[in-house]
Amino acid sequence: MDLHTHTVYSDGIGLIRDNVAWAEKRGLKIVGISDHIHFFTPSRFSAYINEINVIKEESEIVVLAGIEANILENGPDITDEFRKKLDYAIASVHEWFGRNGTHEYINYVKKAIMDDNVDIIGHFGNSFPWIGYPTREEIDEILDLAEAYGKAFEISARYKVPDLEFIRECVKRGIKLSLATDAHRPEDVGKVSWSLKMLEKAGGTKEDLIFSEYL
């Protein structure tokens with residue numbers, strides 16, 4: 001699977017159909033289209049959903065309609081109206097907190113985990129090398145919340161996060177995971193070998209992945 005891909009509907013360079021074609025070429029069973037939410041007006045969003053639905057019917061593999069929301073100070077910027085038309089929603093921190101901003105980052109992620117419209121936390125920890133690493137207690141808080149609220153974390157081949165220990169904890173606790181490239185070019189869709197390797201190293205199987213019923 002590859003559940004994090006972008007198209008011309010946001011900052012990607014390919015069509016939805018191009019992403020799906022590359023997913024088929026790479027032998028994926030599931031591909032998700034998850035363009036950035038802030039590129040959408042209601043009418044553009046409707047066109048996006050309609051196009052995905054047409055391609056779902058034509059494709060040889062499972063095509064899912066997703067979106068990538070931004071986690072802001074007051075929580076993810078996704079509405080109930082948008083979410084009900086989607087198969088899933090990713091929420092990611094895109095703000096830059098600067099050095100020693102880890103605590104703020106963690107608080108943002110907590111808000112997303114507790115949001116009913118969010119299914120997957122995107123590229124968790126990609127900014128830790130610059131803002132600082134969370135404490136063990138903060139990581140445990142995140143894992144406890146994700147377990148309680150039934151949220152998943154993506155294993156990002158683009159950013160090489162989360163780390164192996166975090167993924168191992170997810171597997172141990174039954175927290176679902178997804179494989180993701182964060183592809184912005186069609187030819188990068190499905191390059192999930194790093195993500196798959198990390199899942200396997202952590203002792204995970206396809207049953208530990210979100211949407212495993214399609215695998």
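Set side by side, the residues 78, 139 differ, and just one is surrounded by 15 or more Cβ atoms within 10 Å (Cβ to Cβ), hydrophobic (A, V, I, L, M, F, W, C), part of a loop (DSSP other than H, G, I, E, B) and in contact (Cβ under 8 Å) with a residue 24 or more places away in the chain, which is 78. The set of residues from segment 158-167 being surrounded by 23 or more Cβ atoms within 10 Å (Cβ to Cβ) and either in a loop (DSSP other than H, G, I, E, B) or hydroxyl-bearing (Ser, Thr, Tyr) (or both) comprises just one member, 162.
Quick grid of which residues meet (1) of a type in the set (D, E, K, R); (2) within 18 Å of residue 170 (Cβ to Cβ); (3) open to solvent by less than 30 Å² (accessible area, probe 1.4 Å); (4) in contact (Cβ under 8 Å) with a residue 60 or more places away in the chain:
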{"site": "97", "(1), (2), (3), (4)": "no, no, no, no"}
{"site": "109", "(1), (2), (3), (4)": "no, yes, yes, no"}
{"site": "116", "(1), (2), (3), (4)": "yes, no, no, no"}
{"site": "134", "(1), (2), (3), (4)": "no, yes, yes, no"}
{"site": "151", "(1), (2), (3), (4)": "yes, yes, yes, no"}
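All of 45, 40 fail the test of being more than 23 Å from residue 196 (Cβ to Cβ) and open to solvent by less than 10 Å² (accessible area, probe 1.4 Å), apart from 45.
Give the residue that is nearest to residue 93 (Cα to Cα), with candidates limited to residues of segment 26-69 that are part of a strand (DSSP E or B) and acidic (Asp, Glu).
Top of the filtered list is 68.
Yes/no matrix, rows are residues, columns are (1) part of a loop (DSSP other than H, G, I, E, B); (2) modelled with pLDDT of 95 or more; (3) loosely packed, with under 15 Cβ neighbours inside 10 Å; (4) not small (Gly, Ala, Ser):
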{"position": "175", "(1), (2), (3), (4)": "yes, yes, no, yes"}
{"position": "179", "(1), (2), (3), (4)": "no, yes, no, yes"}
{"position": "190", "(1), (2), (3), (4)": "yes, yes, no, no"}
{"position": "195", "(1), (2), (3), (4)": "no, yes, no, no"}
{"position": "200", "(1), (2), (3), (4)": "no, yes, yes, yes"}
{"position": "204", "(1), (2), (3), (4)": "yes, yes, no, no"}
{"position": "213", "(1), (2), (3), (4)": "no, yes, yes, yes"}
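Considering 29, 56, the condition of being in contact (Cβ under 8 Å) with a residue 40 or more places away in the chain and not acidic (Asp, Glu) is satisfied by 29 alone. The conditions of being touching a residue at least 40 places away in the same chain (Cβ under 8 Å), in a loop (DSSP other than H, G, I, E, B) and over 20 Å from residue 29 (Cα atoms) are met by residue 125.
Is it the case, given these coordinates, that residue 155 is touching a residue at least 12 places away in the same chain (Cβ under 8 Å), in contact with a Phe, Trp or Tyr (Cβ under 9 Å, 6 or more places away or on another chain), open to solvent by less than 60 Å² (accessible area, probe 1.4 Å) and not in a loop (DSSP other than H, G, I, E, B)? The answer is yes for residue 155.
The values are calculated or read from the model by the stated rules, or taken from the named source; none is laboratory data. Given the structure is predicted, the values throughout are model-derived calculations rather than measurements. When we count neighbours, we look across all protein chains shown, and the Cβ atoms used for this are built from the backbone with ideal geometry, even at glycine. With ligands, DNA and RNA removed, areas are computed over all heavy atoms of the protein, side chains included. Shrake-Rupley method; radii C 1.70, N 1.55, O 1.52, S 1.80 Å.
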